[in-house]
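Here's the structure we're looking at; comments come further down.
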Protein chains: 2
Amino acid sequence: MTATIQTISPSCSDCPIRHRAVCARCEMDELERLEEIKYYRSFEAGQTIIWSGDKMDFVGSVVSGIATLTQTMEDGRTQMVGLLLPSDFVGRPGREGAAYDVVATTDILMCCFRKKPFEKLMSETPHIAHRLLEMTLDELDAAREWMLVLGRKTAREKIASLLSIIARRDASLTGDGGVRPMVFDLPLTREAMADYLGLTLETVSRQISALKKDGVIHLEGKRHVTVPDMGRLMEEAGDDSDGGVFA
Amino acid sequence: MTATIQTISPSCSDCPIRHRAVCARCEMDELERLEEIKYYRSFEAGQTIIWSGDKMDFVGSVVSGIATLTQTMEDGRTQMVGLLLPSDFVGRPGREGAAYDVVATTDILMCCFRKKPFEKLMSETPHIAHRLLEMTLDELDAAREWMLVLGRKTAREKIASLLSIIARRDASLTGDGGVRPMVFDLPLTREAMADYLGLTLETVSRQISALKKDGVIHLEGKRHVTVPDMGRLMEEAGDDSDGGVFA
DNA sequence: CGGAATGTTGAGAGTTGTCAAACAGCGTGG
DNA sequence: CCACGCTGTTTGACAACTCTCAACATTCCG
């Protein structure tokens, strides 16, 4: 149950998220200063990395693995408000407490910085602040996109939206061009998908079965998904699909 | 239908949003540089300020009035993803196109900057970039809070949540301490509330009537609201209310 | 005064949630 | 090796909430 703290720090230049994380824009000298204050922590699947309301004394980047941001009401209803993939940033410079629970969905490795030194470094190195603003704007866009899904889409459209987002993100990580049949693994349980989509897990299960029956997706086991026609999936998601893929 | 462009620029130091907007942290010399490139535009209620997908060539702050950020699906379903009040920032430095429609809900006055000069200024004055990051983080928090409302709350809780947010924001503007009976005007039509909450306007109307019948709120006309007991309203919203008010 | 926009209320339908049962996969231990 | 129990998933029946369609009331403004 304890997080492992690794004192050995692989070099930033070898880091798999070097070009996408908060440090993406750093020059060599800035990287060196970051390197001085960074440390790695790993968490096991299921572990809570940060509790909502707790004082945050570190910020950091996801190096590998997946985590979720969730909010919970007093009676237990929970809503996922973010999905953290490699290179995503955790923590909010300038804020005292954490606003959400951060939970490791898979085993996860994080590159951490103590908050105070990071804030100081940030105020001195515009490249970090600038990249963080850019990433925060991206997250805001993603959150607003998700508001449309939560507020206006049907259960079937919600599932299709989630699948198409995961498919696209997977493609961007593996460098896949988005060619015809896309294949990926669902990183979330039915319950986690339900929390993401504002549904119950039963409805998630039913809609996945329905999409499978209608040939929009193929399933191998519970988690391995094949999408024969991305355009079809995006239609099901209610997204403006037309443009792009076959052009 | 045309936006008025005012060439006369009142001084920044007299500006009502001086201490809350993106310029809040600026020193006098930075303010002067902003002053050089700023101009005012006013829009009438109902006018679209920015169309989703359009090239954005300016950014700016709401000085007075209210605007909304909305997304629309092909079949017309729309979801509001942001409510812009005085001091809120419009536009995304570093991005080409607008991601959402921005529509004036009331007559509105905006303090605008052409995008390129603003971006240049931003890269040279850390106080602006820093404040913008801070504001963007606040917006992200608000968006995520809203995801919980959209995904997990009942219609009644959604209405109560919206009312309590408007009440609190109104109180923070007027400097009201949040004392017992709170009074405010709804800045939105039933339809706009529905688009905000992911409901139909009929459901909005019914739930407002229900809250009124149950004495949670009092109505004078359609828009003027009195909340005799904020704690009660927050309970109805499903929020952790206990702490605070009566302590 | 009349017409358009906004808001309220009712009846019935449909989607999604709730409760319940059963199945599948998987690691543990007898 | 197989029984067992755990977690995750599927499926069914029914209920509940919200939407849809429709009529009517109210307010705003020309």
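The values are calculated or read from the model by the stated rules, or taken from the named source; none is laboratory data. Note that the structure is a prediction, hence the values are computed from the model and not measured. Neighbour counts are summed over all protein chains in view; Cβ atoms, including those assigned to glycine, are modelled from backbone coordinates with ideal geometry. Heavy atoms of the whole protein, side chains included, go into the accessibility calculation; ligands, DNA and RNA do not. Shrake-Rupley method; radii C 1.70, N 1.55, O 1.52, S 1.80 Å.
Which is hydroxyl-bearing (Ser, Thr, Tyr), under 28 Å from B:Arg168 (Cβ atoms) and open to solvent by less than 40 Å² (accessible area, probe 1.4 Å), of B:Thr105, B:Thr125, B:Thr78?
B:Thr78
Read through the list (1) within 14 Å of DNA strand C (Cβ to nearest atom); (2) modelled with pLDDT of 95 or more; (3) open to solvent by 70 Å² or more (accessible area, probe 1.4 Å), then give the number of the only condition that A:Arg156 fails.
Failed condition: (3).
Yes/no per residue for (1) open to solvent by 20 Å² or more (accessible area, probe 1.4 Å); (2) modelled with pLDDT of 95 or more; (3) closer than 30 Å to A:Leu137 by Cβ; (4) assigned by TED's automatic domain parsing to the domain that holds B:Thr68:
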site: B:Ser161; (1), (2), (3), (4): no, yes, yes, no
site: B:Ala171; (1), (2), (3), (4): no, no, yes, no
site: B:Pro181; (1), (2), (3), (4): yes, no, no, no
site: B:Asp195; (1), (2), (3), (4): yes, yes, yes, no
site: B:Gly198; (1), (2), (3), (4): no, yes, yes, no
site: B:Gln207; (1), (2), (3), (4): yes, yes, no, no
site: B:Asp214; (1), (2), (3), (4): yes, yes, no, no
site: B:Gly221; (1), (2), (3), (4): yes, no, no, no
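Suppose we filter B:Leu148, B:Leu201, B:Leu173 for residues that are among the hydrophobic types (A, V, I, L, M, F, W, C), more than 17 Å from the chain's Cα centre (by Cα) and over 30 Å from A:Ala192 (Cα atoms); which single one remains?
Every option except B:Leu201 fails the conditions.
Report whether or not A:Ala98 is open to solvent by less than 20 Å² (accessible area, probe 1.4 Å), closer than 19 Å to B:Arg144 by Cα and away from every other protein chain (no Cβ under 13 Å).
So A:Ala98 does not fit the description; no.
Which one of these does A:Val63 not meet: (1) within 16 Å of DNA strand C (Cβ to nearest atom); (2) touching a residue at least 12 places away in the same chain (Cβ under 8 Å)?
(1)
Scan the range B:143-156 and give yes if some residue there is away from DNA strand D (no atom under 16 Å from the Cβ), more than 22 Å from B:Thr70 (Cβ to Cβ) and in the same structural domain as B:Glu35 (by TED's automatic domain parsing), otherwise no.
So far as the range B:143-156 goes, no, none of its residues is away from DNA strand D (no atom under 16 Å from the Cβ), more than 22 Å from B:Thr70 (Cβ to Cβ) and in the same structural domain as B:Glu35 (by TED's automatic domain parsing).
State all residues of the range A:30-44 that are in contact with a Lys or Arg (Cβ under 9 Å, 6 or more places away or on another chain) and open to solvent by 20 Å² or more (accessible area, probe 1.4 Å); if no residue qualifies, say none.
A:Ile37, A:Tyr39 - these are the residues of the range A:30-44 that are in contact with a Lys or Arg (Cβ under 9 Å, 6 or more places away or on another chain) and open to solvent by 20 Å² or more (accessible area, probe 1.4 Å).
Of the residues in the range B:133-178, how many are acidic (Asp, Glu) and away from chain A (no Cβ under 13 Å)?
The number of residues fulfilling the criteria is 2.
Which one is nearest to the other protein chains (Cβ to nearest Cβ), of the residues in the range B:45-64 that are touching a Ser or Thr at 6+ places or on another chain (Cβ under 9 Å) and open to solvent by 20 Å² or more (accessible area, probe 1.4 Å)?
Of everything passing the filter in the range B:45-64, B:Ser52 is nearest to the other protein chains (Cβ to nearest Cβ).
Could you tell me which of the residues B:Glu145, B:Glu119 is farther than 29 Å from B:Tyr39 by Cα and open to solvent by 10 Å² or more (accessible area, probe 1.4 Å)?
Residue meeting the stated conditions: B:Glu145.
Going by the structure shown, is B:Val22 among the β-branched types (Val, Ile, Thr), farther than 30 Å from A:Glu236 by Cβ, open to solvent by less than 20 Å² (accessible area, probe 1.4 Å) and assigned to a strand (DSSP E or B)?
So B:Val22 fails the test.
Just give me the residues in the range B:179-203 being away from DNA strand C (no atom under 12 Å from the Cβ) and either within 14 Å of chain A (Cβ to nearest Cβ) or among the hydroxyl-bearing types (Ser, Thr, Tyr) (or both), in sequence order.
Selection gives B:Tyr196, B:Leu197.
Output the qualifying pairs, or none if there are none: Cβ atoms under 6 angstrom, residues six or more apart or on different chains, first residue in the range B:194-220 and under 21 Å from B:Met230 (Cα atoms) and without any contact (Cβ under 8 Å) to a residue 24 or more places away in the chain, second residue near DNA strand C (Cβ under 8 Å from one of its atoms) and among the small types (Gly, Ala, Ser).
none
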